[in-house]
Amino acid sequence: MIPRSLLFVPGDRPDRMEKALGLGADALIFDLEDAVAPTNKAAARHMVAERLAATRDHGVMLIVRINPLDSGFADDDLKAVLPFRPDAIMLPKAEGAASIAALTAMDKDMPPILPLAAETPGGLFELGSLRHCAEQLAGITWGAEDMAAALGASANRDEQGLFLPPYQMARALTLFAAAAAGVPAIDTVYPDFRDTEGLAAYARAAARDGFSGMMAIHPAQVAIINTAFSPDADQIAHAHAVLEAFRANPDAGVLQIDGKMIDAPHVKQAERLLTRVR
């Protein structure tokens, strides 16, 4: 299942981890990095491991965001959680295929990896290399907040809440990198969780552009994101019509539906859209 919504949950809050399972998110990201103070890392690892060890009859994908490879914490993070089979590991500050190779070398049974692959300037330049390790990836995502901090920028969005040019580029390159690797592209968080209208517009644009899902920082964002990344009835009907038209005319290169010409790229779009139907 390709997740639409991926909700961050602090790794040192077992009450929130338990509650989050019933909030409608397709995936939970148990965070051992930014959400946990250095003095609480060890306790958080234990709490996340306990949650992973519990019965999994909830149908929610469980991802663990470990600390960066150069933080001094990543090895202990992995030793604590990998025995309990997280569905994926999120790697922050990832810088291309070299970071993926370094992570997989730390354990022979590494689950799929979801790299925050455009969170640093170095990561931006290495995005294209991720297509060489696509089989190890659960998707590719990016982080506008950490990128702004790395650049020393005072803001990454304008007064209307739209990304400024450097971050538009990072977002677009993440999308291209995921497409090149053939893995889901996951868009970054929308930090103003009170701005539900802005989130809805942003999430719809992300789905339009080709992202498969989006990360959330607050439970109130989950339903909005799920709606944005779920095809509506008209889109589903059109996709079926496209596929049925080409099945009925297997030798045709181009057909007409509703007054518009369609060809092979439209078939691919229709097939991809139907994979998102829940």
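No value in this document is a laboratory result; all are computed from the given coordinates. On a predicted model such as this, the values are computed, not experimentally measured, just so you know. Glycine gets a Cβ as well: all are built from the backbone with ideal geometry, and neighbour counts include every protein chain shown.
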*Length added when fully stretched, residue 237-residue 162, from 0.36 nm per residue minus Cα-Cα*: 23.8 nm
*Within 10 Å of each residue's Cβ, count the other Cβ atoms and sort 225, 257 from fewest upward.*
257, 225
*Radius of gyration, Dmax [segment 233-275; alpha carbons; angstrom]*: 9.5, 29
*What is the order of 71, 5, fewest Cβ neighbours within 10 Å to most?*
71, 5
*Return the lysines within reach of residue 79: Cα separation strictly under 21 angstrom, same-chain partners fewer than 8 residues apart disregarded; answer none if there are no such residues.*
41, 93, 108
_For the chain, the Rg and Dmax computed from alpha carbons only, in angstrom_ = 19.5, 65
*Please report the Cα spread of segment 182-278 along all three principal axes, rounded to whole Å, starting with the longest.*
51, 27, 21
*Gain upon complete extension [residue 208, residue 98; 0.36 nm per residue less C-alpha separation]*: 36.5 nm
*To the nearest 500 deg cm²/dmol, what mean residue ellipticity at 222 nm is calculated for the chain from DSSP H runs of n ≥ 4 alone, each contributing -39,500 (n - 2.57), summed and divided by the residues?*
-12500 deg cm²/dmol
*In segment 157-251, which trypsin sites (Lys or Arg not before Pro) are in a loop and have at most 11 other Cβ atoms within 10 Å, using DSSP for the loop call?*
194
*In terms of modelled amide H atoms, which long-range or inter-chain residues lie less than 5 Å from the amide H of residue 157?*
164
*asked:* Net charge within 13 Å of residue 182 by Cβ-Cβ distance, Lys/Arg positive one each and Asp/Glu negative one each, not counting residue 182 itself?
replied: +2
*How large is Rg/Rh for segment 14-108, to two decimals, with Cα atoms and a Kirkwood Rh?*
0.95
*Assign unit charges at the C-beta atoms only (+1 for Lys and Arg, -1 for Asp and Glu), then state the dipole size of the chain relative to its Cα centre in Debye, rounded to the nearest 20.*
400
*For the residues 244, 33, what sequence is obtained by ranking on other C-beta atoms within 10 Å, fewest first?*
244, 33
